[in-house]
Amino acid sequence: MLEELRLRGLGVIEDATLELGPGFTAITGETGAGKTMLLTGLGLLLGGRADSAAVRRGHERADVDGRFRVAADGPAARRALDAGADLEPEGDGASLVISRAVAAGDASGRSRSFLGGRSVPVTVLGEIAEDLVAVHGQADQRGLLRPATQRRVLDRYAGTEAADALSAYTAVFAELAAVRAELTEVTTRRRERMQEADLLRLGLAEINAVAPTPGEDRELKALVDRLGHIDLLTRAASGGHEALAGAEDATAVDALGLLGAARRALEEAHGRDPALDELATRLSEATYLLADVAADLASYAAATEADPAKLAHAQQRLADLAGLTRKYAPDVDGVIAWAEHAAARLAELDGDDDRVDALTARHTELLATLADNAERLSAVRAAAAERLERAVGTELAALAMPQARVVVAVERRPDEHGLDVGRPDGSRQRVAFGPHGVDEVELLLVAHPDAPPRPLHRGASGGELSRLMLALEVVLAGTDPVPTFVFDEVDAGVGGAAAVEVGRRLALLARTAQVLVVTHLPQVAAFADVHVVVERTGNTTTVVAVDGEQRLQELSRMLGGMADSDLGRGHAQELLTAATDSKAATRA
């Protein structure tokens, strides 16, 4: 549950802290006092969109902090730990702090989000909010008019059985869509695929005729460069050998001869000076090294000879390879890689007939499985619809709508090209199918016994929608509970005895969850376990929990606008006494 909410620099609120506990908390105050800012702040903690215009004038940013108590092994704690958040152990639970900071003057609504002291993307707050708080307001009532929302309400009420059936259905639906897309691609583009296969065969035939090997182009370029300059290489090697060792008939002094003369000169003084002996040793090493180089140059010159035929063959081979690299890749290695990919793609294209047969068989198999899963899901929904009708009808009777009832219609739309699904009577029918099954779910309101069932957007007033929303939440609370429910003026359009019943049902819901209600109705506020008043004095807004005489004054203000009226306080006392007695009787 939400234990504390603190807001700084948000709208009309300079700095306010709201401490909360279990049970039913009513939040009241004059219009414009700042009640909406409390919910705006809570919305920011739950991943809502940030708006820099909401930052209070004179503040660089708005800060919102919320401290939630969560089950140590619950889904919220697990999500927080997965995001790297720190949890503070508290008895048999844990404390989780969520913070949001919104910068002023930033049109993009830039903000920073923190979960358990760790900076996280705002989307993480939205994900963890699903396990913490359910917020309902006028917009949620409008959302209840949408068919998709009504289907989700029924599935939520049906519980794990519907969730499992829907999961099985959607998994097969997704695979069927993939198979159908692949089958369509293969059959409708057969001509293009045949043309692609012909082009691949031509390319592979051309490459196989040349049969390149990895790195062959680089090796051939080096060979052509060497054979094309064979005379230069021979002259260079011969000239180097003559300079080192001299020619056989030459009289000029060569490098080895000079080294030999130098070595003999040093040998005459051998043993006279260690320094000179070391130089003589180095001179001997140089002589051996140059002798080896001279021999190698002689061998190279002798082995090097012109080979016009080999040069012509290498040049032609390079030309053949160049023809491939112009078409398929920048170099021979790339050509080889293209050929490998083309061979694999050609095998795929050549197997089109086999693929069509396999895909067609799989498509038929998946349709049968999808039909079975659709029947199972429809049966679960139909059974849950009957239970939901009875449960919501009971709640509506308690909310001063004793003659009204809700019909949960689960129907199928015929489609001759759709899915062949069995009916409860054993017959079969072709129906349209989609990602959520073959059922169209609609909530219909029967206002009184003689009235026909009508869609909510045609048959329900604002007050009736408010009570229907509350009835649904009371019914759904036991099937998929969240720790905290927040209602933002869902009692709009309700008054008199109906308002008393709304307060009573909210108090009933608060027995299993934390309930926060922003309301203008004293009949609702009287049922609260804690009454919080938002007051604005000048530019300052305060949030105060009231009790005793102060609570009577607030209820009196809400009743007639005269907080100091004895008559108003007497009426307020009657409301409180009646609400207290009602809650006590319910607990008994």
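List the strands (runs of 3 or more DSSP E) inside segment 410-456, counting only whole elements, that have at least 3 residues being within 18 Å of residue 153 (Cα to Cα).
It comes to 439-446.
All of 317, 263 fail the test of being without any contact (Cβ under 8 Å) to a residue 60 or more places away in the chain, touching a Leu at 6+ places or on another chain (Cβ under 6 Å) and part of a helix (DSSP H, G or I), apart from 263. Picking from 544, 530, 515, which residue would you name as being on the phi < 0 side of the Ramachandran plot, without any contact (Cβ under 8 Å) to a residue 40 or more places away in the chain, touching a strand residue (DSSP E or B) at 6+ places or on another chain (Cβ under 6 Å) and not hydroxyl-bearing (Ser, Thr, Tyr)? Result: 544 is the single residue among 544, 530, 515 that is on the phi < 0 side of the Ramachandran plot, without any contact (Cβ under 8 Å) to a residue 40 or more places away in the chain, touching a strand residue (DSSP E or B) at 6+ places or on another chain (Cβ under 6 Å) and not hydroxyl-bearing (Ser, Thr, Tyr). Number of residues in segment 351-396 that are closer than 15 Å to residue 171 by Cβ and touching a Leu at 6+ places or on another chain (Cβ under 8 Å) equals 6.
The combined condition, being within 30 Å of residue 361 (Cα to Cα), part of a helix (DSSP H, G or I) and of a type in the set (A, V, I, L, M), is not fulfilled by residue 220. Take the conditions (1) within 60 Å of the chain's Cα centre (by Cα); (2) surrounded by fewer than 16 Cβ atoms within 10 Å (Cβ to Cβ); (3) among the charged types (D, E, K, R); residue 277 misses just one of them, which is (1). When 301, 337, 344, 295 are checked against the criterion of being among the hydrophobic types (A, V, I, L, M, F, W, C), assigned to a helix (DSSP H, G or I), out of contact with any Leu (no Cβ under 7 Å at 6 or more places or on another chain) and surrounded by fewer than 12 Cβ atoms within 10 Å (Cβ to Cβ), 344 stands alone in meeting it.
Every residue in segment 359-409 that is surrounded by fewer than 20 Cβ atoms within 10 Å (Cβ to Cβ), at pLDDT 90 or above and not in a helix (DSSP H, G or I), please. Across segment 359-409, the qualifying residues are 407, 409.
Exactly one residue among 480, 491 is surrounded by 14 or more Cβ atoms within 10 Å (Cβ to Cβ) and at pLDDT below 75, and that residue is 491. Quick check: is even one residue across segment 458-467 in contact (Cβ under 8 Å) with a residue 24 or more places away in the chain and part of a loop (DSSP other than H, G, I, E, B)? Yes, segment 458-467 contains a residue that is in contact (Cβ under 8 Å) with a residue 24 or more places away in the chain and part of a loop (DSSP other than H, G, I, E, B). In this structure, is residue 213 in contact (Cβ under 8 Å) with a residue 60 or more places away in the chain, polar (S, T, N, Q), closer than 30 Å to residue 336 by Cβ and out of contact with any strand residue (DSSP E or B) (no Cβ under 6 Å at 6 or more places or on another chain)? When the stated conditions are applied, residue 213 passes them.
Within the set 266, 259, 232, 227, the sole residue that is at pLDDT 80 or above and within 30 Å of residue 309 (Cα to Cα) turns out to be 232.
Among 504, 551, which is the only one that is outside any loop (DSSP other than H, G, I, E, B), among the basic types (Lys, Arg) and at pLDDT 90 or above?
551
Restricting attention to segment 304-317, the residues being more than 29 Å from residue 238 (Cβ to Cβ) and surrounded by 12 or more Cβ atoms within 10 Å (Cβ to Cβ) number 1.
The values are calculated or read from the model by the stated rules, or taken from the named source; none is laboratory data. Every value quoted in this text rests on a predicted model; they were computed, and no experiment measured them. Please note: Cβ atoms are built from the backbone with ideal geometry, for glycine as well, and neighbour counts cover all protein chains shown.
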